[in-house]
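Comments concern the structure below.
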Amino acid sequence: MACDPAAHIPPAAATCYRGAENRAMASTLNEAAVEALGTRSPGAKTESDSQHARLAIMAFQPCFLIELGFIDHDGDRAKLRDADLRRRACEAIAKVLLTGTA
């Protein structure tokens with residue numbers, strides 16, 4: 001989960017990636033997480049378009065950072081307290097990583 005200091009954050013999942021060659025996989029991962037959680041998303045975004053650009057967390061390739069929600073959003077927090085939803089999100093992400101498809 002992420003925390004965003006902006007005034008109002010709509011419920012969302014987001015996936016960050018580095019390198020144009022990783023965009024399709026990032027989008028597929030993002031779609032899988034969104035579907036499993038029943039939420040919305042602004043879509044996959046590049047590392048440089050995220051708040052993580054200077055954290056060096058994406059130094060190896062391919063690398064994806066999947067945020068399943070915002071801890072400061074009541075709806076996201078409630079969804080991620082649900083063990084079944086967390087399991088479904090993890091299974092959806094694992095399926096994409098293992099098969100390349102949602």
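The values are calculated or read from the model by the stated rules, or taken from the named source; none is laboratory data. Here the structure is a predicted model, which is why all the values come from computation and not from measurement. We work out accessible area using only protein heavy atoms, side chains counted, and drop any ligands, DNA or RNA first. Shrake-Rupley method; radii C 1.70, N 1.55, O 1.52, S 1.80 Å.
Points worth noting:
- Close amide H contacts of residue 72 (hydrogens built in the peptide plane, cut-off under 5 Å, sequence separation of 5 or more or a different chain): 4.
- Using 0.36 nm per residue and subtracting the Cα-Cα separation, the extra length available between residue 84 and residue 101 on full extension is 4.0 nm.
- Annotation: amide H of residue 45 within the under-5 Å range of 15, 16, 17, sequence separation 5 or more or interchain, hydrogens built in the peptide plane.
- Solvent accessible area, Å² - residue 93, 1.4 Å probe, full protein context: 30 Å²
- Sequence-ordered 3J(HN,Hα) estimates for the stretch 13-30 from the Karplus curve with 6.51, -1.76 and 1.60 and θ = phi - 60° stand at 10, 9, 10, 10, 8, 10, x, 4, 5, 9, 4, 4, 5, 4, 5, 5, 4, 5 Hz, glycine and proline given as x.
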